[in-house]
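Only one structure is covered here, and it is reproduced in the block below.
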Amino acid sequence: MRRLKSKVITDPARVDRLLSRGIAEIVDKAHLKAALLSGKQLRIKLGIDPTGENLHLGHSINLLKLKDFQDLGHQIVFIIGDATAEVGDTSDKDSERPMLVKKEIQKNKKTYLAQVGKIIDLSCAEVEHNGKWLNKLTFRDIGEQANLFSVSDFISRDNIKRRLTAGKRVSLRETLYPLMQGYDSVAVRANVELGGTDQWFNLLAGRVMQEYYKQEPQDILITRILTAGDGRKMSKSLGNTINILDAAEDMYGKAMRIDDVLITEYMELTTRIPEEEILEYKQRLVAGENPKNIKQILARVLVSTYHSEKDATKAEDAFQKTFSEKKMPDTMPEVLIEEGETLENALPTTLMSSKSHLRRLVAQGAVHDMESGEKIKDSKRRIVVPLILKLGKRTFVRITVRKKKKE
């Protein structure tokens, strides 16, 4: 077990920044602020389930906040949820999350520490797998924990309530997840837990569970959630992520496709660009400056963070060359489809008035794949990889592909 031995920093300005940047809500803020100013080293917990191989910028919000605590001298505890991943958290889902098998979990978590290590200093962090303690619990233990909560507590959650109202199935298994995450806080004796707004019930479960086990209940720091250009939460299942392991050019290109109205939000949540600078960028945008200029700053910072300054320069040059030579706009409509969808079914009526309209353009040789330069010759062509298409003379669309769900 690795521990941070540096002196705790109690600078009020830095503490205030920690408690405000990217924060949606804090449970017992007065208590947490007093603890941060006291000089006591706190144990800060964050858990991530290996439900996929890639961590993304949505994860980076809490990882960066974890680093903020670490930089102030607090002990961070990073939990890889190998046990919770088997059960699956549906806090932000509209349907059940499938149970994962151990082999898939092992594969998914293989590079997690390498990815997390791009943000936090793992040499002085505690890293745990929650199977270490969760897999030892008996039915008696779980029964006692479950007795702390009522069924109405669980079904009053917004997403669960919506599913029940719509007549969708809610499995009994899903009720176990908050118990598991809550017990994690007991196992590592957390003083603070981080999580997004969709984690509200699970985070509170930790406080209830700690009181039951005679521990002081953790303070909770709830961070804002990152949305993608389509307004939905950045999520692996939606295929709208900017991944920590994305190649430099891919990361730069994805950043340049962020909706203009989200530029400064991304700066605030996924970087540590000083807030004073972000305010200046907001003012420049309001004054009418081309959003592309500010977006390039964001893209460079992201690539520099996860790759290098040199990689950021190369990625920027490649982006400029591609878009200037192919005369593509910096921003364009985006469509998310399931892998294997046909082209004519993929494009919404906001782009094509009808399928016959698209067929006419294809027959005229007026639909182009901008990456390869080839003409699309079949409107029923199945799309399995992301594309940028030019439809006619002036319309461009970016098609993002989501992996087809297993039956």
Anisotropy class of region 285-326 from Cα gyration tensor, a/c 1.5 cut: oblate
Scoring the chain by relative contact order with C-alpha pairs under 8 Å, at least six apart, yields a percentage of 15
Per residue, in Å², the accessible surface of region 114-255 once ligands and nucleic acids are set aside, probe 1.4 Å: 45
Excluding Gly206 itself, what net charge comes from residues whose Cβ is under 9 Å from its Cβ, given Lys and Arg +1 and Asp and Glu -1? 0
Spelling out what I want: for every residue of region 149-159, take phi, set θ = phi - 60°, compute 6.51 cos²θ - 1.76 cosθ + 1.60 (Karplus), and round to whole Hz; glycine and proline get x. 10, 9, 4, 5, 4, 6, 7, 7, 5, 3, 5
Rolling a 1.4 Å sphere over the protein heavy atoms, what is the accessible area per residue of region 282-352, to the nearest Å²? 53
All aspartates and glutamates inside 13 Å of Lys29 as judged from Cα atoms, apart from same-chain residues fewer than 8 positions distant: Asp16, Glu193, Asp219
If I build a Gaussian network model for the chain, linking alpha-carbon pairs within less than 10 angstrom, which residue out of Val192, Val101, Val77 has the largest mean-square fluctuation? Val101
What Rg and what Dmax come out for region 9-109 when only alpha-carbon atoms are used, in angstroms? 16.3, 47
Restricting to DSSP H runs of at least four residues, report the calculated mean residue ellipticity at 222 nm for the chain, -39500 (n - 2.57) per run over all residues, nearest 500 deg cm²/dmol. -12000 deg cm²/dmol
Total Lys pairs in region 66-171 closer than 22 Å by alpha-carbon, pairs eight or more apart in sequence or interchain only? 19
Amide H neighbours of Asp219 under 5 Å, counting only residues 5+ apart in sequence or on other chains, H built in-plane at 1.01 Å? Val192, Glu193
Kirkwood hydrodynamic radius, computed over distinct alpha-carbon pairs, for region 65-169: how many Å, to one decimal? 16.6
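Apply the a/c threshold of 1.5 to the C-alpha gyration tensor of region 245-298 and tell me whether it is rounded, prolate or oblate.
oblate
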For the chain, modelled as a GNM with alpha-carbon contacts under 10 angstrom, which of Leu164, Leu122, Leu72 fluctuates the most? Leu164
Taking region 1-157 and dividing mean pair separation by its residue count, relative contact order in percent (alpha carbons under 8 Å, at least six apart): 28
Considering the alpha-carbon set of region 189-348 alone, what are its Rg and its Dmax in angstrom? 19.6, 66
Let me check I have the definition right: for region 306-361, take the eigenvalues of the Cα gyration tensor, multiply each by 5, take square roots. What are those semi-axes in whole Å, largest first? 33, 15, 9
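Give me the percent of accessible area attributable to carbon and sulfur for region 273-365, probe 1.4 angstrom. It would help to have the intermediate numbers written out before the result.
Values: 2560 of 5130 Å².
Answer for region 273-365: carbon and sulfur cover 50 percent of the accessible area.
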Taking all protein chains as present, what is the carbon and sulfur share of the accessible area of region 57-178, in % to the nearest whole number, probe 1.4 Å? 55
Per residue value of the accessible surface for region 6-46 (all protein chains in place, 1.4 Å probe), Å²: 50
Would you please give the residues with an amide H less than 5 Å from that of His56, counting only those at least 5 places away or on a separate chain, with H modeled from the backbone geometry? Ile244
For region 179-195, Karplus-derived ³J(HN,Hα) couplings (6.51, -1.76, 1.60; θ = phi - 60°; whole Hz; x for glycine and proline) come out as 5, 5, 5, x, 5, 4, 5, 5, 4, 9, 6, 5, 8, 9, 10, 9, x
Need one number: % antiparallel among DSSP beta bridges in the chain, to the nearest 5. 45
What percent of all Cα-Cα pairs in region 259-407 falls in each 5 Å bin, counting up from 0? 2, 8, 15, 16, 16, 14, 12, 10, 5, 2, 0
Report the residue, chosen from Met251, Met352, Met180, that carries the largest GNM mean-square fluctuation when the chain is represented by alpha-carbon nodes joined by springs under 10 Å. Met352
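The values are calculated or read from the model by the stated rules, or taken from the named source; none is laboratory data. Computed from a predicted structure; not experimentally measured. Ideal geometry is used to build each Cβ from the backbone, glycine not excepted, and the neighbour counts take in all protein chains shown. When the accessible area is computed, the model is the full protein with side chains, heavy atoms only, and any ligands, DNA or RNA have been set aside. Shrake-Rupley method; radii C 1.70, N 1.55, O 1.52, S 1.80 Å.
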